[in-house]
1. Return the Cα extents of segment 57-203 along principal axes one, two and three, sorted largest first, each rounded to a whole Å.
2. Could you calculate the contour length gain from residue 205 to residue 342, that is, 0.36 nm times the residue separation minus the distance between their Cα atoms, to one decimal place in nm?
3. Would you order 119, 310 from fewest to most other beta-carbon atoms within 10 Å of each residue's own beta-carbon?
4. Order of 157, 259 from fewest to most other C-beta atoms within 10 Å?
5. In what sequence do 203, 241, 123 fall when counting other Cβ within 10 Å, fewest first?
Amino acid sequence: MRRACAAGQELRGPGMLAAYGVAGLQPPPWAETTWIYHDGEDTKMIVGEEKKFLLPFWLQVIFISLLLCLSGMFSGLNLGLMALDPMELRIVQNCGTEKEKNYAKRIEPVRRQGNYLLCSLLLGNVLVNTTLTILLDDIAGSGLVAVVVSTIGIVIFGEIVPQAICSRHGLAVGANTIFLTKFFMMMTFPASYPVSKLLDCVLGQEIGTVYNREKLLEMLRVTDPYNDLVKEELNIIQGALELRTKTVEDVMTPLRDCFMITGEAILDFNTMSEIMESGYTRIPVFEGERSNIVDLLFVKDLAFVDPDDCTPLKTITKFYNHPLHFVFNDTKLDAMLEEFKKESTLEAPHLPDIIFLARDRGLLTT
């Protein structure tokens with residue numbers, strides 16, 4: 001609606017004023033057409049135009065509040081749900097708390113359709129933010145004020161706050177709003193589903209995070225201060241995971257650090273005392289140089305030996321004749337474990353007293 005008024009007269013209600021003048025057309029004979037403005041108060045008038053809202057003001061406020069909530073929900077779920085790895089959800093279903101198992105069970109079917117979920121959330125977020133900007137522009141007017149108001153509202157209530165919450169509690173928030181997520185996935189189906197299928201063809205199926213041996217080991221080390229594993233358990237797990245990468249040389253005892261005994265020794269009181277005080281149950285026997293190992297002595301072999309008899313060590317070692325097992329120092333530990341199992345089964349299934357010699361470098365025992 002337009003209404004005219006004299007200059008200086010105020011309009012009732014919100015509106016905009018515009019000044020208009022009267023001009024005449026007087027083309028000079030030598031130049032282009034020119035508009036000549038008629039000066040004077042009688043040729044001027046002020047026209048006021050009342051501002052019209054797209055919707056009633058109170059209804060726009062309600063819609064803006066609702067759209068801010070939806071914008072925050074889409075933004076938060078986009079971060080919270082997409083951060084939940086499908087493999088992690090399966091793990092939580094098997095070993096989490098009862099509440100976490102319930103949450104993961106409700107989310108997993110939706111999260112399995114990762115690209116469809118992503119397209120639905122992004123499409124909904126864009127639609128909501130666009131509508132929100134239009135309504136804020138209608139209330140605040142075009143210009144800097146509308147830009148500042150819409151930016152502050154969307155950033156604080158539509159991005160920062162919901163993403164901060166969902167990054168910490170994505171499982172709980174995603175499970176409790178799963179019905180809204182399914183509803184908007186259904187509403188955006190005509191646009192989001194074809195795009196998601198295209199992404200599936202281009203990017204392939206989402207499998208989830210799978211840790212190889214090295215990553216799993218590093219994860220155990222990094223999370224050591226926060227998990228409830230005791231040091232012994234952690235060492236056992238790390239040792240089992242490193243079997244295929246470590247070699248005999250990495251874990252063997254160097255010959256220079258081994259307690260050894262010469263083959264010419266006599267089992268008198270001093271020699272027997274030295275063997276007992278060493279604390280070892282399996283002792284390599286060498287001749288000449290320490291690297292020349294020729295026999296093995298097990299302490300249990302000395303059970304019936306009398307130190308007063310001064311029995312030569314060779315008599316005991318030849319009687320029991322424990323076999324020597326030589327391996328290369330670069331043999332992998334998983335192969336050595338299989339060798340240990342095979343030898344212990346064949347020779348001493350009840351007590352696997354097996355010792356392997358890494359040529360002239362060291363020894364490896366069970």
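1. 54, 34, 23
2. Here the segment from residue 205 to residue 342 would lengthen by 45.0 nm.
3. Details: 119 23, 310 12.
Fewest-to-most ranking of 119, 310: 310, 119.
4. Numbers: 157 18, 259 14.
So the residues, fewest neighbours to most, are 259, 157.
5. In order of increasing Cβ crowding within 10 Å: 203, 241, 123.
Rule-based calculations on the coordinates, nothing more; no lab input. Note that the structure is a prediction, hence the values are computed from the model and not measured. Cβ atoms come from the backbone with ideal geometry, glycine included; neighbour counts cover every protein chain shown.
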